[in-house]
Every structure is written in structure tokens, then in C-alpha cells.
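Throughout, read-outs are computed from the coordinates displayed, never taken from laboratory work. As the structure is a prediction and not an experimental result, all values here were calculated from the model. Every residue, glycine among them, receives a Cβ derived from its backbone with ideal geometry; neighbour counts consider all protein chains shown.
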Amino acid sequence: MSYSIAIDGPAGAGKSTIAKLIAKKKGYIYVDTGAMYRAMALYFIEQGISASAQGKISAAAAEVEVTITYENNEQIVWLNGRNVNGLIRTEEVGKMASASSGNKEVRKKLVELQQALAKKENVVMDGRDIGTCVLPDANVKVYLTADSRVRAVRRYEELKAKGQECDLDVIEKDIIDRDYQDMHRELSPLKQAEDAVLVDSSKLTIEQVADAIIDLCDKGAE
């Protein structure tokens, strides 16, 4: 039997960082949903489909198979049986992924692929609707959050470290606006699953959060 951990929460809560750490500690596959959207976007580009041709994108989504494996501690993204790691991180692919990610058929197909992966592998998946929509039967569900100011400070420090000028108050306002948009979008809004455990990372280190979630897994196995 495979085991799945679903981590949802707002932007800046540290979901991806913590999900990757848990996957590493547990020896599970971290399902990089963003990379899966990029792989599908690459397929559309290779088929000569433009970002505005939503009808063609919808039709082509059915032709795509995307999965993720780990070999020698490296994530491999497979598109129709081909390793596309070296092709999906370009700006062109990123723009197409952004344009196509809101397409219902693209999303439906990727959810099916993510669910299929979770049935055969032990996975950690993070996002906005993993516990509510993608993996409603996940073994452990966590809603990871943090105070908006704490999330803003984390983002501020991240940008400053890259040498970018930024305003902490503006960043916090953007985070609050993003929360509202995510919680009120029509398709799969951000919300805590009824059976998810709330974890507030405001005063915890990344290691402490990861260990708390692993502890939930261990308790469930008892």
C-alpha cells in the first residue's frame, strides 16, 4: 500500500520547502506539481499551440502523460516517456504553463496523473487543494499556515538576499491579496480540509515543522 501526505496552505507558508524535506527524510517522492504543469506546457509549445488557443490546449491535454521519478536523488520529469528536465525551466515554458494552468481540461488531466502517481508510490504533495480535491483520501493532511507578516518577512529576506530592492509593507499587502484570491477562486479554492491538522509555522523552524508532520505520520501508523 502506498502512503500519501497532503500539505495545503497559503502562499509563503513554506509548503514546498517543508514537503521536500519530509520527502527526503521519509524516502518518499516529492510531487512537484509545478514541474508537471511545465511539462504539459512544453508539449503544447512543441505542438505549435499558442497560449491563447484554449480550445486546442483542452484537446491536446488528453494526449499528455506526465510523471515524476527520483534517480540518484535527482527529480526526473517524464513527458510521454521522455526525460524533459533540461527543457522545462525556460521562460517560454513558464509563460505557457501560466497561461494553460487555468484550463479545466489541463487541470483535470494533471489531477488524474497526480492521483495515479499517489496510488503506486509513497508521495508528499503540496498546493492549495491537495487534501480537498487531489488526494481527498491522503493518509495525513496538513493545513500549513503562518501569520501574514511572518510570511512577508520571509519573502522580504529572500528578495534582499538576491540583491533586489523591496518594501515589506507592499509584500505583505500582496500576500494578503493573494490569500483572498486563492480562497475565493471559482475552481478549487484554498481551504482547510475538514480532516486536516492545522500547523502554524510562524514560530517554528523548517526542521521543527517537518518533524511535527512526520510525527503525525508516525502516530497514524500506531
Considering residues that are without any contact (Cβ under 8 Å) to a residue 24 or more places away in the chain and either in a strand (DSSP E or B) or more than 19 Å from Glu121 (Cβ to Cβ) (or both), the number found within segment 79-97 is 5
Return the residues of segment 15-45 that are of a type in the set (A, V, I, L, M, F, W, C), touching a helix residue (DSSP H, G or I) at 6+ places or on another chain (Cβ under 8 Å) and in a helix (DSSP H, G or I); say none if nothing qualifies. Ile18, Leu21, Ile22, Met36, Met40, Ala41, Leu42, Phe44, Ile45
Which numbered condition Ala6 fails, given (1) more than 28 Å from Asp195 (Cα to Cα); (2) outside any helix (DSSP H, G or I): (1)
Filtering segment 180-201 down to residues that are assigned to a loop (DSSP other than H, G, I, E, B), under 16 Å from Ile7 (Cα atoms) and either more than 18 Å from the chain's Cα centre (by Cα) or aromatic (Phe, Trp, Tyr) (or both) yields Glu194, Asp195
